[in-house]
Structures are given as structure tokens and as C-alpha cells.
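The values are calculated or read from the model by the stated rules, or taken from the named source; none is laboratory data. Quantities reported herein were computed from a predicted structural model and do not represent experimental measurements. Using ideal geometry, Cβ is built from the backbone for each residue, glycine included, and neighbour counts are taken over all protein chains shown. With ligands, DNA and RNA removed, areas are computed over all heavy atoms of the protein, side chains included. Shrake-Rupley method; radii C 1.70, N 1.55, O 1.52, S 1.80 Å.
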Amino acid sequence: MGHEDGVVKLSDGTELKLKITIIDAREIGFSPFGGINIAVKTTGGVATINVPEEVRNQVQNKPFPPRSPEPPRDGWQIIDIVDYKPAYDEITLETSKGKYLVKVEAEPVMAARNMNYKSDFNEPIYWLNWVNKVSWRPSEEE
């Protein structure tokens, strides 16, 4: 079993941390993959690791975004992902077919930044979209 945070490098030099965690996993029937099907619930999040000083300086005099459950609607720019290391989490699950190692790998697919506002850390606001790749296999644990 293991867990590792991902790192996403953007074209403006910013590095983001991507974290994924398995909240619940349950056997839900048959599949050709080991004779069982597993449903997995996850949660994930993103944080900045490093924002270049020249990027940070561009938002130093910008306002904080309005407090709202959704992000601001203005100022978003799509930004390229130039490199990444996926995040993953894995657990051992007891099933009707024995123990299985369940893994979720989070792979970033789109990124955006907002230079009209600054975060609580005086950085641009970044938004990341990722996909979860779920797999399982019989566990080698005894």
C-alpha cells in the first residue's frame, strides 16, 4: 500500500501539488478483472508548491476574489501543463475473492490561472482538472 502526491509543472514556471485519497472502496459485483467489480470514492485537492517571483509580482496589487462557493467568473486563462508526476493512493480491500490491492492514480489534464485576483498567499489563483484512473489486482499480502 502507498500514497504519493503528484507534482504538476505549468508553462509559467509554477509547480502545483496534486493529492488524491481513497475515501471508500467496495465490491459491487462481477467484472472480468479478477471476477469482481470495485466502486471507489475519492477526494482530491491542489495547492501551489512554487510560484516564480515574477508571476507573483503581477498580482501583488490585485484584490482577493469575492467570497463565494464558486470561483470568480472573469480573468481565467488556460495554461499549459508542461510536465507532471501523477498522484496516487492505494489500499488493500478484503473481497469475496480474497484481498485486492486497489489503486487510484490522478492524472492532470487541464490547468487555468487567474491573474485578476490574488490568493491568500499573494499568488495567482490556479485551477486544475484531473482524471482518476482506478485499477485493482489480487494482493500479494498474506
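Just a few scattered comments:
- Pair list, Cβ < 6 Å and 6+ apart or interchain, from region 126-142 residues that are more than 14 Å from THR43 (Cα to Cα) and modelled with pLDDT under 95 to residues that are of a type outside the set (Phe, Trp, Tyr) and open to solvent by 70 Å² or more (accessible area, probe 1.4 Å): SER139/LYS99; GLU141/LYS99
- Residue satisfying condition, being in contact with a strand residue (DSSP E or B) (Cβ under 8 Å, 6 or more places away or on another chain), open to solvent by 50 Å² or more (accessible area, probe 1.4 Å) and not polar (S, T, N, Q), within set TYR88, TYR100: TYR88
- Condition met for LYS19 (surrounded by 15 or more Cβ atoms within 10 Å (Cβ to Cβ), out of contact with any strand residue (DSSP E or B) (no Cβ under 8 Å at 6 or more places or on another chain) and basic (Lys, Arg)): no
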